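Trainee: Have a look at the structure that comes next, please.
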Amino acid sequence: MTATRRRGPRLPPVVWDSLLPTLLLVNVLTTYPPQELPVAVALTAALALPLVWRRRAPLTVFGAVAAAALVQWLMDVQLPADIALLVALYTATANSGRRGTLVASAIVEAGVLLACLRWATEGAFLTPFVAVTATAVAAAVLGVNVRTTRAYLAALEERAARLEQEQEQQARLAAAEERTRIAREMHDIVTHNLSVMVALTDAAVYAQHRSPDRTTTAMLQISETGRQALTDMRRSLGILRTDEPDAQRHPLPGIAQLEALADQMCTAGLPTRLKVHGSHTHIPATAQLTVYRLVQEALTNTLKHTPPGTRAEVRIRCSTGAVTVDVTDSGPCPPPPAATPSGHGIPGMRERSAAYGGKLRAGPLPGGGWGVHTRLDLGSSGAVSA
């Protein structure tokens, strides 16, 4: 019947639930003699017709069928419709809790005992009692199994829905983190290169009449800085595309590129001295990129917010498990505007440093000038997510 329902047209459940009562009534109408027909039809209807609503009110239907079976026993009438009691028991156990299952099973077992006491042949009580009891137990166990399976499937569906929701949340968080990372990279690239280009442009304008050669050099440096900015932007965005050739041709900047950065700052008008202690070959590329961006942002702030004549010094100390970054300048003591909470430079540097378990310190130095200090822990858990 289940296979027929799956292959056949979709009908309401009440139609399928009406099949058994219909068959039982047809059986009574065609097999019982006319003098017994009214009682048999009435009892069969009382036993079978409630099964039509067994899905809507399983316990109520079971109670009605059990009451009809009691009336049948009192009238001493045996009917094939007694199978309706097993169907009602199955429905009750499949749709109720443990207490409902125990009560329904106890009622059916009492009915089995009464039926065998009245209708079993003399001396043959045990065999029908055991057989009918086994049938009732099978119906109850089948109902409990169906209920357990439904609960298990419902738990699986709930778990799948929860996992899907968690995956969507993780995807949104990952997308937000990626947007933040790209925004931070773009801020560092654009701010640094534009600051250098502005400084070089001012120098070129100042020297265009007095020293044409210096003007030409400055303009060439501006062009080179612009191309470098475009390369850095394509490289940063090209990480999102595996087929981006520029991201493969140009590796991410690291500690080895700090010398070129220092030279660029010197050309822009900020004399910069670089000191690297220890070997950096064992440091991961992402950690080296963090060091590079920290130094780049610190020097850019110095270039933007200090007067001419300011000098900067970068000290990098590389060890087995950590990298220490110190950037100092000889500018005035008041903090640059980018270090205030309204800017994005210092907060971005703190985020980069925190990814490796570091705490960034940025502020005026006791002897004058401004300093940025942090220590990146290469063995921290944050290094993996960076």
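Trainee: What is the number of the single condition among (1) surrounded by 13 or more Cβ atoms within 10 Å (Cβ to Cβ); (2) out of contact with any Leu (no Cβ under 8 Å at 6 or more places or on another chain); (3) farther than 30 Å from residue 110 by Cβ that residue 147 does not meet?
Mentor: (3)
Trainee: Starting from region 168-189, take each residue that is of a type in the set (Lys, Arg) and list its partners that are modelled with pLDDT of 75 or more, counting only C-beta distances under 6 angstrom and pairs at least six apart or across chains.
Mentor: As it stands, the answer is 184/348, since those pairs meet every condition given.
Trainee: Kindly list, by first and then second residue, each pair from a residue in region 104-131 that is outside any helix (DSSP H, G or I) to a residue that is surrounded by 12 or more Cβ atoms within 10 Å (Cβ to Cβ) and at pLDDT 85 or above, limited to pairs with Cβ atoms under 8 Å and residues at least 6 apart or on different chains.
Mentor: 120/128; 120/129; 125/116
Trainee: Would you mind finding the one in 230, 173, 220 that is under 19 Å from residue 266 (Cβ atoms) and assigned to a helix (DSSP H, G or I)?
Mentor: Working: 230 fails: under 19 Å from residue 266 (Cβ atoms); 173 fails: under 19 Å from residue 266 (Cβ atoms).
Of the residues listed, the single one that is under 19 Å from residue 266 (Cβ atoms) and assigned to a helix (DSSP H, G or I) is 220.
Trainee: Now, a different point. Does residue 181 satisfy the criteria of being over 16 Å from the mean Cα position of the chain (by Cα) and within 30 Å of residue 268 (Cβ to Cβ)? Write out each step before concluding.
Mentor: Values: over 16 Å from the mean Cα position of the chain (by Cα): yes; within 30 Å of residue 268 (Cβ to Cβ): yes.
In short, yes.
Trainee: Taking region 68-103, which residues are aliphatic (A, V, I, L, M), closer than 26 Å to residue 27 by Cα and open to solvent by less than 50 Å² (accessible area, probe 1.4 Å)?
Mentor: Keep residues of region 68-103 that are aliphatic (A, V, I, L, M), which gives 68-71, 74-75, 77, 79, 81, 83-89, 92, 94, 102-103.
Applying the additional criterion that residues be closer than 26 Å to residue 27 by Cα yields 68-71, 74-75, 77, 79, 81, 83-89, 92.
Answer for region 68-103, where residues must be aliphatic (A, V, I, L, M), closer than 26 Å to residue 27 by Cα and open to solvent by less than 50 Å² (accessible area, probe 1.4 Å): 68, 69, 77, 79, 81, 84, 85, 86, 87, 88, 89, 92.
Trainee: If I go through region 363-380 residue by residue, how many of them are modelled with pLDDT of 90 or more and among the aliphatic types (A, V, I, L, M)?
Mentor: Qualifying residue count, region 363-380: 2.
Trainee: Follow-up question, since we're still on this one. Under the condition of being of a type outside the set (Val, Ile, Thr) and farther than 16 Å from residue 17 by Cβ, which residue from region 37-52 is most open to solvent (accessible area, probe 1.4 Å)? Reasoning before the result, please.
Mentor: First, the residues of region 37-52 that are of a type outside the set (Val, Ile, Thr): 37-38, 40, 42-43, 45-51.
Then drop every residue that is not farther than 16 Å from residue 17 by Cβ, which leaves 37-38, 40, 42-43, 46.
Values: 37: 44, 38: 87, 40: 2, 42: 61, 43: 15, 46: 43 Å².
Result: 38.
Trainee: Out of 59, 19, which single residue is open to solvent by 40 Å² or more (accessible area, probe 1.4 Å), within 56 Å of the chain's Cα centre (by Cα) and touching a residue at least 24 places away in the same chain (Cβ under 8 Å)? Explain how you work it out, then say what you get.
Mentor: Numbers: 19 fails: touching a residue at least 24 places away in the same chain (Cβ under 8 Å).
After ruling out the rest, the residue left standing is 59.
Trainee: Test residue 145 against the stated conditions and say whether it is without any contact (Cβ under 8 Å) to a residue 40 or more places away in the chain and either in contact with a strand residue (DSSP E or B) (Cβ under 8 Å, 6 or more places away or on another chain) or polar (S, T, N, Q) (or both).
Mentor: On the way: without any contact (Cβ under 8 Å) to a residue 40 or more places away in the chain: yes; either in contact with a strand residue (DSSP E or B) (Cβ under 8 Å, 6 or more places away or on another chain) or polar (S, T, N, Q) (or both): yes.
It is true that residue 145 is without any contact (Cβ under 8 Å) to a residue 40 or more places away in the chain and either in contact with a strand residue (DSSP E or B) (Cβ under 8 Å, 6 or more places away or on another chain) or polar (S, T, N, Q) (or both).
Residue-by-condition table, conditions (1) in a helix (DSSP H, G or I); (2) in contact (Cβ under 8 Å) with a residue 12 or more places away in the chain; (3) surrounded by 21 or more Cβ atoms within 10 Å (Cβ to Cβ); (4) aromatic (Phe, Trp, Tyr):
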position	(1), (2), (3), (4)
256	yes, yes, no, no
259	yes, yes, no, no
266	yes, no, no, no
274	no, yes, no, no
279	no, yes, no, no
282	no, yes, no, no
287	yes, yes, yes, no
294	yes, yes, yes, no
297	yes, yes, yes, no
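Trainee: Among the residues of region 311-328, are any more than 23 Å from residue 184 (Cβ to Cβ), open to solvent by 60 Å² or more (accessible area, probe 1.4 Å) and not hydroxyl-bearing (Ser, Thr, Tyr)?
Mentor: Yes, region 311-328 contains a residue that is more than 23 Å from residue 184 (Cβ to Cβ), open to solvent by 60 Å² or more (accessible area, probe 1.4 Å) and not hydroxyl-bearing (Ser, Thr, Tyr).
Trainee: Going through 154, 183, 229 one at a time, which residue ends up being under 24 Å from residue 303 (Cα atoms), loosely packed, with under 13 Cβ neighbours inside 10 Å, out of contact with any strand residue (DSSP E or B) (no Cβ under 7 Å at 6 or more places or on another chain) and of a type in the set (A, V, I, L, M)?
Mentor: Of the residues listed, the single one that is under 24 Å from residue 303 (Cα atoms), loosely packed, with under 13 Cβ neighbours inside 10 Å, out of contact with any strand residue (DSSP E or B) (no Cβ under 7 Å at 6 or more places or on another chain) and of a type in the set (A, V, I, L, M) is 183.
The values are calculated or read from the model by the stated rules, or taken from the named source; none is laboratory data. All values derive from a computational prediction rather than experimental measurement. Backbone-built Cβ (ideal geometry, glycine too); neighbour counts: all protein chains shown. Each accessible area value is taken on the protein alone, full model and side chains, heavy atoms only, with ligands, DNA and RNA left out. Shrake-Rupley method; radii C 1.70, N 1.55, O 1.52, S 1.80 Å.
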